[in-house]
Amino acid sequence: YVYEPDGALEWNRLALRTAKAIRAIDAEVPIIIESAKGGGPAGLKTLRPVNLPNIIYSVHIYSPHTYTHQGITAAGRESRVVYPGSIDGVEWNRDKLRQTVQVVRDFQLKYNVPIFIGEFSAIAWAPGAEKYINDCIEIFEEYGWDWTYHAFRESPVWDVEKAGTNRGDIRPAADTDRRRVLLEGFRRNK
């Protein structure tokens, strides 16, 4: 499936058809449905809930992309973007993050469904990454959302056990501020 601006109807049909096929085989296994548009919160604006049991809705949180992906994608080419702070002419902090995920909260409350944040992170060298990660976790916990960090030991640029100042400078680190914040977030959910 390739997302098209007016393709939400097809995405909804695909989600329903896939969920029904799974339910025909297994009546209980949890099914996670991500929003269209790369799993971002905006995709929930057109997503329609599937009327089947044990469905979980998932999104990815990487806003603002210029900050979270600085130095690795075209949207994040600007170097040393700081959080909290002015990013792309907008003041980004916990309140702005909360505004960004309001569409997710609205979807949760409107349809009374569980939410899973399937990915969130900030690049290893992003100044203030530990604050960004903490602010995300605080919001997720406040709203009762399940969450997982992207990506633990998958890629060195996201790994909280690595440090560096750019993609070519990543090295193992016994401890990082990002790691401590993430472990504290995990401890909330024993």
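The values are calculated or read from the model by the stated rules, or taken from the named source; none is laboratory data. Every value quoted in this text rests on a predicted model; they were computed, and no experiment measured them. When we count neighbours, we look across all protein chains shown, and the Cβ atoms used for this are built from the backbone with ideal geometry, even at glycine. Only protein heavy atoms, including side chains, enter the accessible area calculation; ligands, DNA and RNA are left aside. Shrake-Rupley method; radii C 1.70, N 1.55, O 1.52, S 1.80 Å.
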Out of curiosity, is G144 closer than 27 Å to V104 by Cα and touching a helix residue (DSSP H, G or I) at 6+ places or on another chain (Cβ under 7 Å)?
no
Please state which one of I133, I115 is within 15 Å of F186 (Cα to Cα) and modelled with pLDDT of 95 or more.
I133
Identity of the residue in the range 47-80, open to solvent by 50 Å² or more (accessible area, probe 1.4 Å) and not in a loop (DSSP other than H, G, I, E, B), that ends up modelled with the lowest pLDDT:
A75
Filtering the range 8-46 down to residues that are in contact with a strand residue (DSSP E or B) (Cβ under 7 Å, 6 or more places away or on another chain), in a loop (DSSP other than H, G, I, E, B) and open to solvent by less than 60 Å² (accessible area, probe 1.4 Å) yields S35, G39, G40
As an exercise: evaluate G144 against (1) on the phi > 0 side of the Ramachandran plot; (2) over 15 Å from the mean Cα position of the chain (by Cα) and give the number of the one condition it does not meet.
(2)
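Which of the residues spanning the range 81-97 are small (G, A, S) and modelled with pLDDT of 95 or more? Walk me through how you get there before you give the answer.
Filtering the range 81-97 for residues small (G, A, S) gives 85-86, 89.
Correct list: G85, S86.
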What are the residue pairs meeting all of these: first residue in the range 176-188, first residue under 10 Å from I133 (Cβ atoms), second residue open to solvent by 90 Å² or more (accessible area, probe 1.4 Å) and not hydroxyl-bearing (S, T, Y), Cβ atoms under 9 Å, and 6 or more apart or on different chains?
L182/F152
Answer yes if at least one residue in the range 58-71 is over 29 Å from K162 (Cβ atoms) and not basic (K, R), and no otherwise.
no
